[in-house]
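What follows is calculated from the coordinates using simple rules that are stated; it is not laboratory data. Since we're looking at a predicted model, the values are computed, not measured. Don't worry about glycine lacking a Cβ; one is built from the backbone with ideal geometry, like all the others, and counts go over all protein chains shown.
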Amino acid sequence: MMQYVHFKRYAKSVAIRLLFTALFFIPKAYCEPFHVTDSAGRRVLLENAPERIACLYAFTGHVVTMLGRGGDMVAIVNGLKKDVLLNRIQPEIRNTPVPARGGVIHIEALLKTRPDIVFLKPDTATIASEIKKLEQFNLPYFIAGYRSMAQQMTIIEQIGKAVGKTNKAKAYTQYYRNVISRVKQVTDHIGQKERIRIYHSSNEPTRTDAPGTLEADWTKAAGVINVSVESRLQARGGKYFADIEQIILWNPDVIIVNEDGVDHEILTDQKWAPIKAVNQKKVFPIPVGISRWGHPGGLETPLAILWTAQKVYPQRFEHIDLKAEIRNFYHRFFNLDLTDDMIDKILANQNMRRDP
Amino acid sequence: MRLTRFYIILVTIPALLAGISIFFGRYPLTIENVFNVLFGLVLNHNVDPTHLGIVVHIRLPRIILGAMVGASLSVSGAAFQGMFRNPLVSSGMLGVSSGAGFGAALALILFDHFFWVYPFSFGFGLIAVLLCFIIGRFTSANQSITLVLGGVIVGSVFSALISFLKYVADPMDELPAIVFWLMGSLSRADYTHILVAGIPMIAGTIGLIAVKWKLNVLAMGDREAQSLGLNVKAYRLFVIICATLATAGAVCVSGVIGWIGLVVPHMGRMLTGNDNRRLIPACISIGACFLIIVDDISRLLTSSEMPLGILTSILGGPFFIYLLKKTKGRQW
């Protein structure tokens with residue numbers, strides 16, 4: 001009898017131990033250390049799928065949110081706080097700490113947020129002292145740079161792998177590729193001479209796209225000739241500016257701007273008057289959703305391609321219902337159901353960025 | 001007679017340079033194209049709208065504004081150097097440039113519309129000088145030195161405030177705009193700028209021309225000037241107001257273009273001597289020429305625009321050394 005009680009007690013304790021082991025150790029056993037490759041070609045080793053994510057580059061904040069991990073962002077940059085749609089998806093980002101400004105990391109503030117991974121802008125990663133700050137405290141960091149659509153897709157997939165959302169990231173890049181090929185099918189039939197020549201203004205009227213950038217790549221995919229990408233432009237702090245006489249010389253058919261109000265400025269400024277696009281009032285603001293469509297740090301590149309193609313070749317892209325496309329996009333990737341009013345605001349590039 | 005020739009030279013050279021500059025730019029316009037536009041305007045002929053736009057709305061306003069800004073900055077610098085009897089003083093001495101820079105940065109952050117940059121930079125330029133003046137009144141002894149010191153302090157406080165605004169600015173939207181503005185450029189020049197900013201620039205410059213003789217007396221030092229019967233305080237205030245109006249008007253449309261207000265007066269001094277009756281008109285002319293040339297080069301060098309601040313230093317430095325060698329600073 002005594003022995004039976006003893007055995008029972010022993011069995012109970014073993015069962016409890018096993019249960020604890022199962023609860024605490026088995027899930028970890030499933031998540032073995034893994035590698036992701038960043039844009040600098042570094043293989044970043046992650047012990048576990050990160051729980052706390054620091055997005056020190058606005059683009060990565062958008063990607064992480066799209067991948068459904070927006071709630072786990074513990075540190076962000078100020079630009080993200082201004083995005084109206086992002087605020088709707090993750091209202092708590094209003095209070096999320098901002099431990100980096102102008103590419104400079106405030107390491108104590110960052111450490112306080114206890115991140116498991118830090119996503120960085122390539123500009124920040126080129127500063128040795130900034131990297132040293134992270135390395136000193138063994139913070140795993142991932143550089144998210146890209147200069148083409150293919151590289152942007154790779155980076156999104158790698159971020160997906162890093163935050164444990166590989167499938168969702170792949171679904172997005174599949175959509176991306178699908179849009180490129182849908183547009184290409186149509187634009188392939190447009191002869192070089194019939195192609196519309198566009199000038200793409202980025203924030204300031206004379207800031208534009210340089211060769212070997214994402215913008216050069218996506219505008220090409222939209223089947224247009226981007227006038228500025230053939231030229232050698234002077235870079236100032238990683239941004240490229242053109243001279244107004246040079247723009248007149250290019251004489252684009254269409255001008256696309258991405259800053260609210262710049263379209264009006266271009267249309268009313270006498271300096272721009274000689275340009276064909278201004279003459280024919282073909283100056284369009286590109287939509288702004290979660291981010292500025294088609295911007296170097298924008299996430300909605302596929303939508304930018306689709307919008308541009310339809311804008312400049314309306315007859316050839318009659319079959320595309322852009323509003324439905326937009327509705328599906330944000331529903332599918334951001335779990336956001338947009339009202340017609342909201343879609344109109346996105347399309348009109350109005351009040352999509354606000355002061356925090 | 002000699003004086004007449006002196007004034008003819010001062011007017012002719014900038015006018016010639018301005019005339020030549022109309023032919024420079026990225027867009028290939030032949031001499032004939034430009035003349036067609038100019039004569040077409042006068043004789044009411046039909047001209048190519050593109051050529052018209054480039055000549056009348058791009059090149060001409062830039063040249064006019066460049067000349068006005070260059071002249072205003074250098075004449076203010078010359079007046080300050082004389083009055084404070086200090087060769088290291090420039091047009092931005094009393095904190096005008098830093099104050100204006102802060103005003104512009106603030107407007108770029110607060111408002112969506114670029115329009116607000118002008119009144120804000122002009123207003124803060126004036127506020128900075130007013131602060132200097134208040135600091136200058138704290139002591140009764142040697143007001144000139146207290147003013148210069150006040151200028152250094154107010155200037156550095158506003159510079160720090162600019163850095164602070166750059167720090168809090170959104171790196172995507174506002175920061176590039178602030179940096180671009182601070183580097184100085186004439187690329188936004190149009191006739192509205194010339195009209196609006198021209199009023200303080202021209203008023204200030206005319207004011208300084210009017211007291212050019214009194215500047216010689218002020219340059220002797222407060223006590224000497226007073227013993228000669230000059231109301232030192234009143235004239236000093238007048239010079240400060242004129243120089244501030246001219247500089248603030250220039251800075252609010254062109255951004256901070258360094259160097260001109262410091263070095264052009266010295267170039268003028270090497271060429272004409274220390275007498276403000278000649279130096280002031282000479283500085284107006286040299287300043288106008290200098291900025292016209294610098295802006296021509298800025299437009300021609302690359303298919304984008306180079307900030308003027310970079311070029312004024314790169315070009316001005318060697319030219320200054322050349323002048324120094326040539327004249328051996330005799331007239332200084």
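Could you sort out which of A:K132/A:K161; A:K193/A:K282; A:K281/A:K345 sit more than 23 Å apart by Cα distance in this structure?
Values: A:K132/A:K161 25 Å; A:K193/A:K282 19 Å; A:K281/A:K345 21 Å.
In this structure, A:K132/A:K161 exceed 23 Å between Cα atoms.
Given A:T268, A:Y141, A:I93, which one lies farthest toward the positive end of the charge dipole of chain A, if we put +1 on the Cβ of every Lys and Arg and -1 on the Cβ of every Asp and Glu?
Most positive-ward Cα: A:Y141.
Among A:K170, B:K212, what is the fewest-to-most ranking by other Cβ atoms within 10 Å? Walk me through the intermediate numbers first.
Working: A:K170 15, B:K212 19.
Least to most surrounded, the residues fall as A:K170, B:K212.
Compute the distance from the alpha-carbon center of the range B:54-82 to that of the range A:248-265, in whole Å.
The range B:54-82 and the range A:248-265 have Cα centres spaced 29 Å from each other.
Mind running the shape call on chain B? Use the C-alpha gyration tensor, a ≥ b ≥ c as the square roots of the eigenvalues: rounded below 1.5 for a/c, prolate if a/b tops b/c, oblate otherwise.
Note, shape of chain B comes out oblate.
Ordered by residue, what ³J(HN,Hα) values in Hz, to whole numbers, does the range B:270-279 give under the Karplus form 6.51 cos²θ - 1.76 cosθ + 1.60, where θ = phi - 60° and Gly and Pro are x?
Rounded to whole hertz, the list is 5, 7, 10, x, 7, 5, 5, 5, 9, 5.
Tell me, what does the Kirkwood hydrodynamic radius of the range A:170-328 come to in angstroms if you use every pair of distinct C-alpha atoms? Please report the intermediate quantities before stating the final value.
Values: mean 1/r = 0.0629 Å⁻¹.
Hydrodynamic radius (Kirkwood, Cα pairs) of the range A:170-328 is 15.9 Å.
Starting from 0.36 nm per residue, how many nanometres of slack lie between B:A234 and B:I9 once their C-alpha separation is accounted for?
Numbers: separation 225, 0.36 × 225 = 81.00 nm, distance 3.31 nm.
Value of the extension gain: 77.7 nm.
Hey, what's the Kirkwood Rh for the range A:31-168 if you take every pair of different alpha carbons, in angstrom?
Kirkwood radius, the range A:31-168: 14.8 Å.
Shielding of A:179-186 by partners, i.e. mean partner chain Cβ atoms within 10 Å per residue?
Neighbouring Cβ atoms belonging to other protein chains average 0 per residue here.
Suppose every Lys and Arg Cβ carries +1 and every Asp and Glu Cβ carries -1, with no other charges. What dipole size does chain A come out with about its Cα centre, to the nearest 20 debye?
Rounded to the nearest 20 debye, it is 1240 debye.
Can you compute the equivalent ellipsoid semi-axes for the range B:68-121, i.e. the square root of 5 times each eigenvalue of the Cα gyration tensor, sorted largest first and rounded to whole Å?
Taking √(5λ) for each Cα gyration eigenvalue gives 28, 11, 6 Å.
Which order results if A:H331, A:H319 are arranged by neighbouring Cβ count within 10 Å, fewest first? Walk me through the numbers before you get to the answer.
Values: A:H331 12, A:H319 8.
In order of increasing Cβ crowding within 10 Å: A:H319, A:H331.
Where nothing but the Cβ of Lys and Arg (+1) and of Asp and Glu (-1) is charged, how large is the charge dipole of the protein assembly as shown around its Cα centre, in debye to the nearest 20? Kindly include the intermediate steps, with their values, before the conclusion.
Numbers: 70 positive and 50 negative charges, 313 e Å.
Dipole size: approximately 1500 debye.
So for chain B, averaging the separation of alpha carbon pairs under 8 Å that are six or more residues apart and normalising by length, what relative contact order in percent results?
28 percent
Students often forget the sequence filter, so: which lysines lie under 20 Å Cα-Cα from A:K239 once same-chain residues fewer than 8 apart are removed?
Qualifying lysines at Cα under 20 Å: A:K121, A:K220, B:K166.
Using the structure shown, select from A:K184/A:K276; B:K212/B:K233; A:K276/A:K311 the pairs with a Cα to Cα distance greater than 18 angstrom.
Checking Cα-Cα distances, A:K184/A:K276 exceed 18 Å.
Counting only DSSP beta bridges with both residues in the range A:50-201, tell me the antiparallel percent, nearest 5.
20 percent
For the range A:60-136 and the range B:251-305, what is the separation of their Cα centres, given in Å?
Between the Cα centre of the range A:60-136 and that of the range B:251-305, the gap is 46 Å.
HN-Hα J couplings of the range B:28-43 from phi, Karplus 6.51/-1.76/1.60, θ = phi - 60°, integer Hz, Gly and Pro as x?
With the stated coefficients, the range B:28-43 comes to x, 10, 7, 4, 4, 3, 5, 5, 4, 5, 5, 5, x, 5, 5, 8 Hz.
Could you line up A:F241, B:F120 from fewest to most neighbouring Cβ atoms inside 10 Å? Write out the running numbers ahead of the final one.
Working: A:F241 27, B:F120 21.
If I rank by nearby Cβ atoms, fewest first, I get B:F120, A:F241.
Quick one: if you stick a label point 7 Å off each Cα along the C-beta vector at B:I314 and A:K112, how many nm between them?
4.3 nm
Just to be sure I understand the model, the point goes 7 Å from the Cα along the line to the Cβ. What's the resulting B:R277 to B:V196 distance in nm?
Distance between label points: 4.0 nm.
Using the charge dipole of chain B (Lys, Arg: +1 at Cβ; Asp, Glu: -1 at Cβ; taken about the Cα centre), state which of B:I257, B:L149, B:L110 has its Cα farthest towards the positive end.
The one lying farthest along the dipole's positive direction is B:L149.
Given 37 °C and 0.692 mPa s, compute D for chain A with the Stokes-Einstein relation, Rh being the Kirkwood radius over Cα pairs; round to the nearest whole µm²/s. Intermediate values should be presented prior to the final figure.
Values: Rh = 22.3 Å.
Rounded to a whole number, D works out at 147 µm²/s.
Could you state the per residue volume, in Å³, of the convex hull enclosing the Cα atoms of the range A:279-356?
Numbers: hull volume 9.5 nm³, N = 78.
Roughly 121 Å³ of hull volume per residue.
Pull up the DSSP beta bridges for the range A:187-348 and report the antiparallel fraction as a percent, rounded to 5. Spell out each step's value before the answer.
Values: 6 of 15 bridges.
If we restrict to bridges inside the range A:187-348, about 40 percent are antiparallel.
Other chains near B:181-189: what is the mean number of their Cβ atoms within 10 Å of each residue's Cβ?
Other-chain Cβ atoms within 10 Å of each residue's Cβ, averaged: 2.
Determine how many Å³ per residue the convex hull of the Cα atoms of the range B:139-218 encloses.
146 Å³
Tell me, what is the FRET efficiency for A:V104 and A:Q350 to the nearest 0.05, using R0 = 35 angstrom and their Cβ-Cβ distance as r? Mind showing how you got there, number by number?
Values: r = 33 Å, r/R0 = 0.93.
So the FRET efficiency works out to roughly 0.60.
How high is the FRET efficiency from A:A324 to A:V84, r the C-beta distance, R0 22 Å, rounded to 0.05?
0.55
Using the 2.2 N^0.38 Å rule of thumb for compact globular proteins, work out how the range B:226-332 stacks up: its C-alpha Rg over that value, please.
That ratio works out to 1.25.
Out of all DSSP beta bridges with both ends in the range A:148-269, state the antiparallel percent to the nearest 5.
Among the beta bridges of the range A:148-269, antiparallel pairing accounts for roughly 45 percent.
Where in chain A are the DSSP H helices whose C-alpha atoms run 15 Å or more along the long axis and whose mean Kyte hydropathy is at least -0.5?
A:2-24, A:149-162, A:301-312, A:322-334
Under 5 Å between amide H atoms, partner at least 5 residues away or on a different chain: which partners does A:Y240 have, H built in plane at 1.01 Å?
Amide H to amide H, under 5 Å and 5 or more residues apart or across chains, A:Y240 pairs with A:T208.
For the protein assembly as shown, what size does the Cα cloud have along each of its three principal axes, sorted from largest down, in whole Å?
130, 70, 46
Please report the relative contact order for the range B:236-315, taking Cα pairs under 8 Å with a sequence separation of at least 6, and give it as a percent rounded to a whole number.
Relative contact order here is 30 percent.
Among B:L271, A:A348, A:Q280, whose Cα lies farthest out toward the positive end of the dipole of the protein assembly as shown, if unit charges sit on the beta carbon of Lys, Arg (+1) and Asp, Glu (-1)?
Toward the positive end, the furthest listed residue is B:L271.
Report relative contact order for the range B:1-153 in percent, whole number only (criteria: Cα-Cα under 8 Å, sequence separation at least 6).
In percent, rounded to a whole number, it is 15.
If you put +1 on each Lys and Arg Cβ and -1 on each Asp and Glu Cβ, how big is the dipole of the range B:31-327 around its Cα centre, in Debye rounded to 20?
Working: 17 positive and 13 negative charges, 254 e Å.
The calculated dipole for the range B:31-327 is roughly 1220 debye.
Name the long-range amide H neighbours of A:R101: under 5 Å, sequence gap of 5 or more, or other chain; modelled H, no Pro or chain starts.
A:H106
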